[in-house]
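S.K.: A single structure is presented below for examination.
The values are calculated or read from the model by the stated rules, or taken from the named source; none is laboratory data. This one's a predicted model, so the numbers in the text were calculated from it and none came from an experiment. Cβ coordinates were reconstructed from backbone atoms using ideal geometry, including for glycine residues, and neighbour counts include every protein chain displayed. We work out accessible area using only protein heavy atoms, side chains counted, and drop any ligands, DNA or RNA first. Shrake-Rupley method; radii C 1.70, N 1.55, O 1.52, S 1.80 Å.
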Amino acid sequence: MGFLLWILAVILVVFGVVQLIQGQIILGIVCIVVGLAIGPGGYSIFSRRSNA
C-alpha cells in the first residue's frame with residue numbers, strides 16, 4: 001500500500017510541475033500539494049497517529 005501511495009504521489013507531483021510549465025498555475029499547485037500530502041516521505045494523510 002505504501003508503495004502505491006508513493007507512486008501516486010510521484011505522478012501527481014510530476015503532473016503538477018508539467019501543469020505549472022504549461023501555465024495552469026492553480027491546477028499545478030493543487031496537484032503538487034495533494035501529491036505531497038499523500039506521499040509517504042512527508043506529511044501523509046493516510047498515516048496513523050498514535051495517542052501516546
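S.K.: Go over the candidates 27, 5 one by one and state the one that is of a type in the set (A, V, I, L, M) and at pLDDT below 85. Even if it seems obvious, please write down each step before you answer.
M.R.: Working: 27 fails: at pLDDT below 85.
Answer to the selection: 5.
S.K.: Here's another thing I want to ask about it. State which residue pairs qualify: first residue more than 19 Å from residue 30 (Cβ to Cβ) and inside the stretch 1-12, second residue open to solvent by 100 Å² or more (accessible area, probe 1.4 Å) in any location, beta carbons under 9 Å apart, and separation of 6 or more residues or different chains.
M.R.: Matching pairs, first to second residue: 1/46; 2/46.
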